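Scroll down for the structure; my scribbles are underneath it.
The values are calculated or read from the model by the stated rules, or taken from the named source; none is laboratory data. Quick caveat, the model's predicted, so the values are computed rather than measured. No Cβ is skipped: glycine too gets one built from the backbone with ideal geometry, and neighbour counts run over all protein chains shown.
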Amino acid sequence: MDINWDSKVLKSLDPVIDNLQNIRLNEHEIINVADWIAYEEFPPPEQNISKNNPEEYIRTTMLINTLNFAFTDFESGIKYEIVREGKELSDSEAMFTQIQEAISSGIKLYDGNILTSLDDKQLKKIFTGNIEMPMMAERLEILLDVGTKLSDDYEGDWMNFINAGPEKLYHNGEGLIERLITEFPRFDDTSRHNEKNDIHFYKLAQLAFWGMHAELAGSEEFFIEDMESMSAFADYIVPVALEVMKIVKYGDELESKIMNGILLAKNSLEEIEIRATSLYVTAKLTEEINKRRPVEKSIIIPQLDYRLWKQYHSTHRPHHLTITTMY
């Protein structure tokens, strides 16, 4: 499957990649990495969500990606963790598990009608870990807003939203991502570059639909027709992988900020460049990987993203920190 470089996300990156100020890209290292990573397996994501009921899986996935952001304490740099059966689970893996536990106990958090009555005490009880999960007040506000929209327009049910249009990411304004970012502003992950260009990242919106497609496409319960238009998911972890692989090199000032835990402002040039380069590089690397694999074993960008995230999401290597609800 060829990458759609004209997709809304990838095309929007051009002004950033063409004018990088704080980051240098080593295109030769993309080739070097492709030479060995192309021969690895690219397993589907592990989400710790019950798949016995496809509709409940979809509802739960939408809930998870409503909350899938900020798992590192901005002052201490400590990651949110829980322990289950003697195993440490960190960041989003911990959240996945706790959401599933809440649903299994009878709390249908994916139901908009339930979300509208949620309070701070209930949320903190569900998410109890080694530290208080960062940005709890923002999480509650988001859940209340999303719950209200679901209740008012979709009878509280994400399935009614999903079924209201085609199973495409983009389709003349009626695609899944297009409707999601319009109707639920918390998913409109767009930054303004140099006060003139809108850079579209859509991290959580894309991640939600990738999770559903990855798990349900084989059963024909949910199949996205234009997966070639999906990018990687611009977060904290993939940039670390690309830096360790020497594809990305930060300028001295930016590297010092990251290594010392100094916050980067949301929508700052530094933050936009980090996120944009991770999307650009993962697309280029996917192209190079597929040149080295049989056609029937070609991968799509989200598969590479998951390979990098899974390998590095618990690393002790510092990543940049930005106070945001988008990732």
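Side notes on the structure shown:
- Against the criterion of being surrounded by 20 or more Cβ atoms within 10 Å (Cβ to Cβ), within 19 Å of the chain's Cα centre (by Cα), under 18 Å from Ile31 (Cα atoms) and aliphatic (A, V, I, L, M), Leu321 does not qualify.
- Residue satisfying all of: in the stretch 8-21; surrounded by fewer than 20 Cβ atoms within 10 Å (Cβ to Cβ) and touching a residue at least 60 places away in the same chain (Cβ under 8 Å); farthest from Gln206 (Cα to Cα) among these: Gln21
- When the helices (runs of 4 or more DSSP H) confined to the stretch 67-175 are screened for residues that are closer than 20 Å to Trp309 by Cβ and of a type in the set (Asp, Glu), those reaching at least 1 such residues are found at 91-104.
- Selection status of Gln122, touching a Phe, Trp or Tyr at 6+ places or on another chain (Cβ under 6 Å), modelled with pLDDT of 95 or more and either over 22 Å from Leu204 (Cβ atoms) or of a type outside the set (Val, Ile, Thr) (or both): no
- Number of residues in the stretch 250-267 that are surrounded by fewer than 19 Cβ atoms within 10 Å (Cβ to Cβ) and farther than 10 Å from Asn22 by Cβ equals 9.
- Residue check, Glu288 in a helix (DSSP H, G or I) and farther than 25 Å from Thr190 by Cβ: yes
- Just one residue in the set Val238, Val244, Val281 is surrounded by fewer than 19 Cβ atoms within 10 Å (Cβ to Cβ), closer than 25 Å to Tyr39 by Cα, in contact (Cβ under 8 Å) with a residue 40 or more places away in the chain and β-branched (Val, Ile, Thr); that residue is Val244.
- Residue check for Leu207: among the hydrophobic types (A, V, I, L, M, F, W, C) and within 17 Å of the chain's Cα centre (by Cα): yes
- Flag if Glu225 is free of Cβ contacts under 8 Å to residues at least 12 places away in the same chain, within 30 Å of Val146 (Cβ to Cβ) and of a type in the set (D, E, K, R): no
- Of residues in the stretch 176-207 being in a helix (DSSP H, G or I) and among the hydrophobic types (A, V, I, L, M, F, W, C), the one surrounded by the fewest Cβ atoms within 10 Å (Cβ to Cβ): Ile181
- Filter pass, Lys168 being closer than 19 Å to Lys8 by Cα, among the basic types (Lys, Arg), surrounded by 15 or more Cβ atoms within 10 Å (Cβ to Cβ) and over 16 Å from the mean Cα position of the chain (by Cα): yes
- The selection criterion, being over 30 Å from Tyr110 (Cβ atoms), of a type in the set (Lys, Arg) and touching a residue at least 40 places away in the same chain (Cβ under 8 Å), does not hold for Lys168.
- Residue that is of a type in the set (Ser, Thr, Tyr), modelled with pLDDT of 95 or more and more than 18 Å from the chain's Cα centre (by Cα), where the choices are Tyr80, Tyr39: Tyr39
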